[in-house]
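K.L.:
A single structure is presented below for examination.
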Amino acid sequence: MKKLLKLSLAALTVLALMIAVVGCGGEKTAATDSEQGQNEVKEKLIVAFEPTFAPFESTDENGEFVGFDIDLIKAIAEEQGIEIELKSLGFDGLIPALQTGQIDIAISGMTIKPEREEKVSFSLPYYEAGLIMAVRSDNNEITKPEDLAGKTIAVQIGTTGADKANEFKEKYGAKVKTYNTTDLVFMELINGGADAVINDIPVTKHYIAEKGKDKVKLVGDLLQGEYYGIAVAKNNTELLETINDGLLKLKENGKFAELYKKWFGYEPPEYLPGSPS
Ligand code: ARG
């Protein structure tokens, strides 16, 4: 009899604990929701990007967002059981939108760099890129940064390409024009409104192959190496861990390599996602 009483007491304690845990969960959600001024529990995470950056993110003929980044974030969401909603934003608006909580995740061929790491948190690197210069195919005047003296460089606003162009403005007296999309950047180059473009090498190469053959060419050496990361709000360690864990699972099960091959045509370097050691 005594034993039975003990047992049922134990059961009751477990039940009470369970209720307490559930209760806490509820309260916590309610608090977070009211902080965000929402009445509903947030079920979908908003993923944003600037979609003129093929093969990472662009819009297809049906108006669907497509690209390596799009496939990658969808695969992470599926692997980790989270629901996402895709949203197009200006590139220079992504970090502010993460900071104010308007979006949850930014995946946009975004380079991991110290100034950004002060404002947001980045996942493990998932792509190795770099900056390159491009000019019109018939231009033989510009072959290196020094040749940019007095010339106009077109760049996308808020990008590392824009940073590099401003550096060349200081050093060599180049002029810098910024645009909201990379489509406009290349259009300006082709139309003669600019003499050079500084942009990420995989995107410029893709542009030349798809639209700019005989019009645009790469010049000079890689200006700097970069790694792309997925960004979340600075204090959102839980989401960051979910993303990193998802990236590692996709590396493990071969899905990362599959998507990488689909968009770039060859196997990813062995260390990705992750840092080269
Ligand atoms: N990697 C460069 C940066 O982080 C350019 C990224 C532009 N991305 C885009 N989706 N338009 O600054």
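K.L.:
Using the Karplus equation 6.51 cos²θ - 1.76 cosθ + 1.60 (θ = phi - 60°), what ³J(HN,Hα) coupling, rounded to whole Hz, does each residue of the range 57-66 give in order, writing x for Gly and Pro?
P.N.:
Listing the rounded values in order: 7, 7, 10, 7, 5, 9, x, 8, 7, 9 Hz.
K.L.:
Which residues does the label zone of Thr181 cover in the range 91-105, counting backbone N under 15 Å from a point 7 Å along Cα→Cβ?
P.N.:
91-92
K.L.:
Another question, then. With no solvent and one point on each alpha carbon, what is the Debye value of log10 I(q)/I(0) for the range 138-277 at q = 0.09, 0.15, 0.19 Å⁻¹?
P.N.:
Each listed q maps to, in turn, -0.37, -0.88, -1.11.
K.L.:
Using 7 Å Cα-to-Cβ label points, what is the Glu167/Lys249 separation (nm, one decimal)?
P.N.:
My value for the distance between the label points is 3.8 nm.
K.L.:
Using a 1.4 Å probe on the protein heavy atoms only, what accessible surface does Lys169 show? Give it in Å² to the nearest 10.
P.N.:
Counting only protein heavy atoms, the figure is 100 Å².
K.L.:
For the pairs Lys144/Lys217; Lys144/Lys205; Lys74/Lys251; Lys44/Lys87; Lys74/Lys249; Lys87/Lys215, note any where the Cα-Cα span goes beyond 20 Å.
P.N.:
Values: Lys144/Lys217 13 Å; Lys144/Lys205 18 Å; Lys74/Lys251 14 Å; Lys44/Lys87 12 Å; Lys74/Lys249 13 Å; Lys87/Lys215 32 Å.
Beyond 20 Å between Cα atoms: Lys87/Lys215.
K.L.:
Now for a different question. Taking amide H positions as placed in the peptide plane 1.01 Å from N, state which residues far from Ile103 in sequence (5 or more) or on other chains have amide H under 5 Å from it.
P.N.:
Leu98
K.L.:
Now for a different question. Taking amide H positions as placed 1.01 Å from N in the peptide plane, with prolines and chain starts having none, which residues 5 or more places from Gln156, or on another chain, fall under 5 Å of its amide H?
P.N.:
Amide H neighbours of Gln156, under 5 Å, 5+ apart: Ala162, Tyr179.
K.L.:
Quick one: if you stick a label point 7 Å off each Cα along the C-beta vector at Lys261 and Lys113, how many nm between them?
P.N.:
Here the modelled spin labels are 3.4 nm apart.
K.L.:
Still on this structure, please answer the following. In the neighborhood of Asp60, defined by Cβ-to-Cβ distances under 15 Å, what is the net charge if each Lys or Arg adds +1 and each Asp or Glu adds -1?
P.N.:
Numbers: positive: Lys74, Lys211, Lys262; negative: Glu57, Glu61, Glu64, Asp69, Asp71, Asp183, Glu210.
Local net charge: -4.
The values are calculated or read from the model by the stated rules, or taken from the named source; none is laboratory data. Please read these numbers as outputs of a predicted model, since none were measured by experiment. So basically every Cβ, Gly included, is an ideal-geometry build from the backbone, and we count neighbours across all protein chains shown. Remember, those area values only see protein heavy atoms, side chains included, never the ligands or the DNA or RNA. Shrake-Rupley method; radii C 1.70, N 1.55, O 1.52, S 1.80 Å.
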